[in-house]
């Protein structure tokens, strides 16, 4: 059963460009992880919305393995400053029960 993680990130409007650029320049290590299926970065359509980083995994074990990896630590070692983010956000984890398309 595929596993999907949605990281909801409330980025303040002044930091939208930098946030997006970091994903464009990322090292691409997640794609090398066993069990990785795909990733989407969703941009909010208004300034009050949140970005959503969706990662799809073969299963929960594959996602958990990514969290423990040295690659994960390296990707997250230089975050944007705290003032770049609004309130709320966080991880949501789901199992796919129906997929179409």
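Values computed for the structure shown
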read-out: Filtered residues of the stretch 16-36 (kept if surrounded by fewer than 15 Cβ atoms within 10 Å (Cβ to Cβ) and over 13 Å from the mean Cα position of the chain (by Cα)); value: 17, 18, 21, 25, 27, 32, 34
read-out: Failed criterion for residue 44 (all others in (1) modelled with pLDDT of 95 or more; (2) surrounded by 15 or more Cβ atoms within 10 Å (Cβ to Cβ); (3) farther than 15 Å from residue 89 by Cβ; (4) out of contact with any helix residue (DSSP H, G or I) (no Cβ under 6 Å at 6 or more places or on another chain) hold); value: (3)
read-out: Residues being part of a loop (DSSP other than H, G, I, E, B), in contact (Cβ under 8 Å) with a residue 12 or more places away in the chain and within 24 Å of residue 69 (Cβ to Cβ) - total across the stretch 1-56; value: 7
read-out: Selection within the stretch 68-101 - surrounded by 12 or more Cβ atoms within 10 Å (Cβ to Cβ), part of a loop (DSSP other than H, G, I, E, B) and in contact with a helix residue (DSSP H, G or I) (Cβ under 9 Å, 6 or more places away or on another chain); value: 69, 80
read-out: Close pairs (7 angstrom Cβ cut-off, 6 or more residues apart or separate chains): under 18 Å from residue 12 (Cα atoms) in the stretch 63-87, assigned to a loop (DSSP other than H, G, I, E, B) anywhere; value: 84/12; 85/10; 85/12; 86/10; 86/12; 87/10
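The values are calculated or read from the model by the stated rules, or taken from the named source; none is laboratory data. Nothing here was measured: the structure is a model prediction, and the numbers come from that model. FYI the Cβ positions are ideal-geometry reconstructions off the backbone, even for glycines, and counts take in every protein chain you see.
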